[in-house]
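Undergrad: Dropping the structure in here first, questions after.
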Amino acid sequence: MFLAGDAAHVHLPLGGQGMNVGIQDAFNLGWKLAAAVLGRVPDGLLDTYSSERHPVAARVIRNTRAQSVLTDWAGTGNPDLPELRSFVADLFALPDATHFIGGMISGLDVHYDMPDQPEHPLLGYRLPNPDLKTADGTVRPYELLRSGGGLLIDFSGDSVHPERAEVPYVRAYGDLGADVLLVRPDGHVCATTTDGLPAGLSRWFGTATGADWRISAT
C-alpha cells in the first residue's frame, strides 16, 4: 500500500506546502508505478518512494510546526513571541537564509540520493529548465519530459545514447558542467557522466527487453 499527500502527512496549511508535497509525492510515485505496470521495475525501485519522500514530508511537518509557533496559531499569547519574530526577521535579511527558506518551502531544493554516481552539483536535484540548443533548434528539458519516459541530454559531442532505452534522447550544445544529464521522469538528475550512465539507466529505468543496458557511440 502506498500513501501520498494528505493521506500520508497532515500538518498546518501554511505556505501551500501540503499541495506542493502532495503533488511531488504523486509525481515521484506515479512514474514508478507505471514502470511496474509495464514490467520494467528495477530491483528496489518502488521502495525508493518511501526512502525519498518520507524525509521531505517530515521536514514539512517540522517547519510548519515552527511556523505555527511564530504565528501563535494556537493562541497561546506567549509574551516572548515578539522577540522571537524579530530574531527570525533578522535572519531573513540574510540572502543565504532567504535562499534556504525559499527552497525548503517551495520544495525546489529537494535532493534524492543517487548511488554509484560521481558527485555533481546537479546530481539528485531537479533539473533547471534552461534553453537547450540542438541541431533542430531550441527546446526546454521539461517540454521533452512530457512523454513520461525520462530524458537523456548529451553534451559530450559523441552522440552517446542507450540502445533499446525507452528514454528520449537529445544532443545539445552548451555547458551545464556535465558530459551528459540523465533525468528521471520527475525531473531529478540521476547521472551526469557517460561512465555513470549504465548504472543510472539500470537503477531507475530498468530494461525494456530483459537485456542489460548498453551504451553505444555513433
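The values are calculated or read from the model by the stated rules, or taken from the named source; none is laboratory data. The structure presented is a predicted model; accordingly, all values stated were derived computationally and were not measured. Quick reminder, even Gly has a Cβ in these numbers, built from the backbone with ideal geometry, and neighbours come from all protein chains shown.
Undergrad: Considering each residue of region 99-138, count those that are touching a Phe, Trp or Tyr at 6+ places or on another chain (Cβ under 7 Å) and modelled with pLDDT of 95 or more, and give that number.
TA: So the count comes out to 2.
Undergrad: Next up: Which residue pairs have Cβ atoms closer than 6 Å, lie 6 or more positions apart in sequence or on different chains, and pair a first residue in region 103-127 that is closer than 21 Å to L145 by Cα with a second residue that is buried (at least 18 other Cβ atoms within 10 Å of the Cβ) and among the acidic types (D, E)?
TA: Y112/E52
Undergrad: Ok, one more. If D43 meets every condition in (1) over 26 Å from G102 (Cβ atoms); (2) among the charged types (D, E, K, R); (3) crowded, with 16+ Cβ neighbours inside 10 Å apart from one, which number is that one?
TA: Result: D43 fails condition (3) only.
Undergrad: Determine which member of the set D47, D43, D131, D96 is in contact with a strand residue (DSSP E or B) (Cβ under 9 Å, 6 or more places away or on another chain) and not polar (S, T, N, Q). Show your work before the answer.
TA: On the way: D47 fails: in contact with a strand residue (DSSP E or B) (Cβ under 9 Å, 6 or more places away or on another chain); D43 fails: in contact with a strand residue (DSSP E or B) (Cβ under 9 Å, 6 or more places away or on another chain); D96 fails: in contact with a strand residue (DSSP E or B) (Cβ under 9 Å, 6 or more places away or on another chain).
Going through D47, D43, D131, D96 in turn, just one is in contact with a strand residue (DSSP E or B) (Cβ under 9 Å, 6 or more places away or on another chain) and not polar (S, T, N, Q): D131.
Undergrad: Quick one: how many residues across region 168-218 are modelled with pLDDT of 80 or more and either among the acidic types (D, E) or assigned to a helix (DSSP H, G or I) (or both)?
TA: Going through region 168-218 one residue at a time, the tally reaches 12.
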